Structures are given as structure tokens and as C-alpha cells.
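So the structure is just underneath, and the comments pick up after that.
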Amino acid sequence: MWRKPGPPGPLSSCLRANSSWASTSFPPQRAEERRVTASSETTAWPETYYVGAYWGPRKESPEECARRAADFLNLLSPYDPLLTTWYKSTRSLKDVRKYPLMPPDVATLAELFRRGVNREKGGPVFESLGFRFLSVNGGLGTDRVDLNTVCGAFSEVNANLCLMSLPSKGPHTERLLSVPVLSGVLRSMALAFDPDWAFAGSHEYRKQMNADSTAGAFVGWVTYQSRRRGTVPPLPAPVRIEPVEDKGALIILSPERISARIPEHVEQGHRVGALLARAGLMRPVMS
């Protein structure tokens, strides 16, 4: 949820310099094209898909964040070959493989989180804004998957999050953009980070569901709801509800790929969103 900037000062200056931290953020939509079968129009302007988990204020140390991240990276491995190897993100792609993260080492991850603290240049550290950690699977072009994690934030300014940006074209797209893989990624995020809410779908579908793109207030192709937010009510077919241990539930709109370009998919999302709203589940993660 985006907030009106406060009066000038060290914190607001820091937030302006790190605008992606100052809101319940979403990954930027990539310019690369992805092949989608929804219609011939999508060949030129395809939808881009991502997975994102969000949770409210939760003060945690770099070590606690590292343990969660290590669990997450391990949980991802069974779902797709592109999700089995991870590296620290670097400025130069040719240097990425110099910094492997698998198998995950908590001490190494904790140091990376610690370096990702939010601060003004030459100024104080703002630990209340959490610790940021970027990683990549080491692939190039259509093999690349990026992770952006913010953990340990306990202010009311920005949400904690874990975002996965997926390839936008190439031979792996059909395999990655499937219910088994996306629900597996969301399940892994839920078990490792215990978020309040998570989403898998396209940027365009997100905007169709909620003009403000407010995390927690819309439905995706696959949506996760924590038990802390309430109980998911029965939903009409073809929607499927799957429990995630004792954490919450996945809501899967359809076994086929949900697209913002298909009116029936948009209508279905609004119908399911209305039912979840009646159950009190369509609340922003950051109020």
C-alpha cells in the first residue's frame, strides 16, 4: 500500500532514495516478451508473471531471516530444475557463479541480509525497515529467475516480502507457468516465511483485480491466505482449495493458465474475490 510521503527528514529521505522499500512493492514488469496462448494479440504484448508473498511488521534478526531463506531455497528444489541452484546477485552477470548459495549456509545468508540494511549514505541504519537480500538462479536470458526478499521490517511503512520474477519467454515458460510449479513456489514461501498473503499471476491480471495493486486485496491465479486472516469459505468449481499444513490455504482459480486477456478469467477472479471479501479475507496486508 503506497503512503503519502511524510515531512522531510532522515527517514523520508531514505525512503525516497529507496522507493521500492517504501511501499508494499511488486516486481517491475519486464520488457521481455513471453509466449502465451490466450490470443494472437499476446504474441506482441504478452503478460508477464511473478510470485509474491507479503507479511506485516515482524521484527527479526539477520540470522532469523537467513534461516527462513535457507528453508525456502531448500523447499524450492523439487518443483523445477531452474529452482535448484541459487547465487548472490551481482552487478555483473559473469560474476554471479562466483557466489553460490546452495546448499544454503545460514551464516553466509545472515551476512548478506545484514549488508542489505536500509540506511542513508554515510548516515544511520534504519533497522525498522528490515533487511534486503537479492539472489538469482544463475541462468541467463530465458533461464533466469530472480528473488528479492525483505525480511525483519517492523515499521508501518513497508511490508516484508519475497518476490520471484519468472522468465518471460523461451522453452521453460510453459513448464514454469503451471499450477504444479506456481502452487509449489507459494507453498514453499508459506512454509518458510509464514506470510499473511501471497499471489501468483500476471502483472496485468493483478491490475484487473485491483487498480491500486494493494497486496492482500485481490485474487490471483493462485492465492495464499494465512489462517491469521480467517478461514477460506467454500468456493465454486473449478476453484480448488488446498491446505498448507497448519499455516493457511492455497486458492487455485483454474488448472489452466489464468490470463487478463480472457474476459471469463477476469470475471471469475472478481466473483471469487467478492466471496472472499464477504468472508473478511480481502484486507490489505499493510493498513
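Read the figures in this text as sums done on the coordinates, not as results from a lab. Just so you know, these numbers come straight off a predicted model, no measurement behind them. As a convention, Cβ positions derive from the backbone with ideal geometry for all residues, glycine included, and neighbour counts pool all protein chains shown.
Packing, as the average of other Cβ atoms within 10 Å across residues, places the peptides 94-107, 216-229 in the order 216-229, 94-107, highest first.
If r is the Cβ-Cβ distance from H270 to E156 and R0 is 25 Å, what FRET efficiency results, to the nearest 0.05? The formula returns an efficiency of 0.25 here. Run through segment 121-211 and list the trypsin sites (Lys or Arg not before Pro) located in a DSSP loop whose Cβ has at most 10 other Cβ atoms within 10 Å. For trypsin sites (Lys or Arg not before Pro) across segment 121-211 that sit outside H, G, I, E and B with at most 10 neighbouring Cβ atoms in 10 Å, the list reads K121. Here the scattering of segment 49-278 is modelled by Debye summation over its C-alpha atoms, one equal scatterer each and no solvent; at q = 0.08 Å⁻¹ the log10 of I(q)/I(0) is -0.29. Over what distance in Å are the Cα centres of segment 198-245 and segment 86-160 separated? So the two Cα centres are separated by 26 Å.
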